[in-house]
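Accompanying notes for the structure given below.
The values are calculated or read from the model by the stated rules, or taken from the named source; none is laboratory data. Values in this document were obtained by computation on a predicted structure and should not be read as measured data. Counting neighbours? That spans all protein chains shown, and the Cβs are built from the backbone with ideal geometry, glycine included. What goes into the accessible areas is simple: the full protein's heavy atoms, side chains included, and nothing from ligands, DNA or RNA. Shrake-Rupley method; radii C 1.70, N 1.55, O 1.52, S 1.80 Å.
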Amino acid sequence: LAAGMGCCSSSEAVAPEGGGKEQGSEFKKGGDLDLSDGPAKNRGCTDIICLVIFIVHIVFYWICSFQGAADGNPWKLISPRDYSGQYCGIEVQWNEGGTDMTGHEKMIYTMNVTEAVHSIAETFICSSDVRGYVNGATWDAGCAGTSGSNNFNDMANQLRKFTTVEGVTELITGGGGSSILGQVSKFFNQACVTSCGLTSAEATRDYTYSPAPDAKWYAVWQELMNNGGGGGSVYNTFQQFKFKALPENLCNYKEAKYCIPLMGITFTEAANGFCTIQIDNSILTSITDQAGEYYDFLASSSVAQNLKSGMDSAVGDIQSTWDVFALIAVLSFVIGLVFLVLLRFFVKPVVWLAIWLVLILFICGGAIAWVYSSLCQDASVSDAASGYAEQAQAGSMNMTDSCNGLYEVEASNARDALKVGAVVLWVFALAWCILICCLFSRIRLAISVNQVAARFVYNTPHILLLPVIQCFVMICWCAIWMILVSFLLSQVPESEVPKTCFKTYSEAYGTADEPGKCTSSYPSGSVYRDDYSDDCVNDKCCYKCSPPRYILDYRFWFSLFSFFWHNAFFVALGQCIIAGAVGVWFFTSLDNKGRKKTSRTSVCISMKNTFRYHLGSLAVGSFILAVVQTLKWFMYYLSKQAKAQKNKVMEIICKVLAYCLWLFEKCIKFLNKNAYIQVALMGTNFCTSAKNAFWLIARNAVRFGVMGSLGAVVHIIGKFFIMVVTGIVGFFLLQAIHPDLTSPAFLVCLYVVIGYLVGAFFMNVFGLAVDATLQCFIATEEMKIEKAFIPKELQKFISDTAGK
């Protein structure tokens, strides 16, 4: 066997019977490009070194993935996080000295006391009465420029909003201002707890309010606290700044201020440890019609609860109607086969109907635009059209101003634009007619090729198992890859998080024009306040960075490249096998085309050729595609990096490059598909096959263009037909087998999804069969083969002159 040892090596996989292959040469009898006896039988292994490289890459991928699995923790990607970025339910945190959150898997919202009572505390501490209980110089320095108040009764009433039913009701409903539920990030902290069912009744730990260390009057408050809170009315008011917090065994924070629940706010578990806000009945009974903003929140909360209960009900319905699912899975394939049978007979009228509909739309659209350009007010379109018809019969199309200036379209410029639009549409209609006349024979050929491809799939039903197996393998591969890559993503290095603190939020988080120290890269972390650190207490440097959930390092990009290479290889494998089966079937005699033996033989021969000889060539094509796809996503990644760094120019450049790579990816996919067909038919290596495919497309560019346009229409019709019929059949089966089911809508939607997936399987196989059939037809045409085995739908296009 002759073997192509290198990737795209110059040695060929077939015996040199008719000389080398010239660039752009046509199919010829008696040489390497002879397909008169079907796909090449004298084959050798192609692109062996590339297959070896592919296998070595797989080994390196698994080594990299298993090494990453030793240090990663996928739960970090989905676990809720508290205000400082610590992971709920995780023992080892990202920060040195982080809290062991084992057993505290749920995340609730506790009251941000520092923010909630800041203004009240400032007004209180800067009152003249407080000055008598602290050092005067300290008070003067801390309260300079701040106006306090001695109205302690009003302050006490404001503080009671956080500790009484009536007060919390006012906070929730807005009380003349904004509801705190609309400002969750401002008035609440995220905290890890043991259960979503915790309430204020379980708050037994005492906490006395203390302002943030960077508050100007922080020293005044600390001195008053150290002095016991003063005396008289000052002392009584100071006592109002005491709150109850959840104990450490329920809310594992030494600082009690992060564990203060707001009375009347309860939680229910949503998913993955996240808890959603609910309102206690004691609050609901006090809410009046002023609670419009709250009711909006309550509606969204109810929707979430209804969705959760609805999903539970849907899972139960699926379990109780599994028999219908099994029937639909089988019947959807039957429906697909029925569609292919119908396609052989109806593709011609459907295509021509679509072509004439486009022409009619152009003509009617122009007519309507022209009529509207001179339509009088209160006149009907039919009356105006009748007027034009009468004038046309009289030999004139010049309408007199019978509207006395009162037109349906008042602006004269708009009326002129409608006339211009009408003329443009009529020009398009004329161009459409000319195009159809010029492409008439190509359209007829495209219809016939589609009919032959439908006949192949119908005669070779075994080929339909290929996309099913292919889909199963790819689903398993994607599941394994997602699990392994989650370990890599979760390994955020310590160097990713700045260790320093920042004195302002804007310095840490950034502004609209300047990147922040914590958010200047992608993926970015977040910013939190550490009020108890020495930096904050001593230097007023309170803002720190928490890490992102995941990191995109070189190991991830290698893993993503491997993911794309595997996927492209699986797709290439299916395309090559289908193309080879089409080639064997196409060049089989007419009498044997519909036999079961031919069906099995064509698939088996194609699989043998693909697995025995051409895995290396498939690895080459899939490698090229994987490189382009990886570069495309890397450009998207760079655009995100540029956005994080507030570099708008670079962001746009990277997005444009990503779009260009996306277009290039589409071209590569198209060329690869036709190259795999050449591999299956000719047995050549990938580069030779790609070159031959390119020149084949160039020689028959119009045919391929028409085939692509027609194929898109047929694909849409096929998917829609199989999807809709599957849904309808599923509905009637559900009514017949399970008549007691009250709400079948969700199940019918699932049947429609099944129909769509099966339709995609069928149409992908059918589409590849169309492309392979076209190449086989061109081979017979260029070799001027007799009509003995050519399908009858294509025989009328074969002549002794075999035009292009």
Quiz item: What FRET efficiency would be calculated for the residue pair residue 468, residue 627, taking the C-beta separation as r and a Förster radius of 25 Å, to the nearest 0.05?
Solution: 0.30
Self-check item: Overall Cα dimensions of region 659-804, principal axis frame, Å, largest first
Solution: 66, 43, 26
Quiz item: Quick one: ranking 507, 494, 223, 665 by accessible area, 1.4 Å probe, largest first, what do you get?
Solution: 494, 507, 223, 665
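Per the Cauchy relation, a quarter of the hull surface: what is the mean projected area of the convex hull of the alpha carbons in region 550-637, in nm²?
Working: hull surface 30.0 nm².
Average projection, Cα convex hull of region 550-637: 7.5 nm².
Count the lysine pairs in region 396-550 whose Cα atoms sit under 23 Å apart, keeping only pairs 8 or more residues apart in sequence or on different chains. Write down the numbers at each step before the final one.
On the way: 499/517; 499/540; 499/544; 503/517; 503/540; 503/544; 517/540; 517/544.
Going through region 396-550 pair by pair, I get 8.
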Practice problem: Might you work out the accessible area of residue 756 for me, using a 1.4 Å probe with all protein chains in place, and round it to the nearest 10 Å²? | Solution: 100
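Using the structure shown, select from 632/655; 593/792; 41/691; 632/666 the pairs with a Cα to Cα distance greater than 18 angstrom.
41/691
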Exercise. Lys and Arg at +1, Asp and Glu at -1: add these up for the other residues within a Cβ distance under 13 Å of residue 647 and post the number.
Key: +2
Practice problem: Return the FRET efficiency for the residue pair residue 666, residue 795: r is the Cβ-Cβ distance, R0 is 35 Å, and the value is rounded to the nearest 0.05. | Solution: 0.55
Quiz item: Distance in nm between label sites at residue 140 and residue 272, each 7 Å beyond Cα in the beta-carbon direction?
Solution: 5.7
Practice problem: Calculate, in nm to one decimal, what residue 597 and residue 184 gain on full extension: separation in residues at 0.36 nm each, minus their alpha carbon distance. | Solution: 141.7 nm
Quiz prompt | FRET efficiency, residue 334 to residue 745 (Cβ-Cβ, R0 25 Å, nearest 0.05) | solution = 0.55
Practice problem: Scan around residue 81 for amide H atoms under 5 Å from its own, H built in the peptide plane at 1.01 Å from N, and keep only partners 5 or more places away or cross-chain. | Solution: 88
Quiz item: lysines near residue 244 by alpha-carbon distance under 18 Å, same-chain residues fewer than 8 away left out - which ones?
Solution: 161, 254, 257
Practice problem: For region 552-649, state which chymotrypsin sites (Phe, Trp or Tyr not before Pro) are in a DSSP loop and have at most 13 other beta carbons lying within 10 Å of their beta carbon. | Solution: none
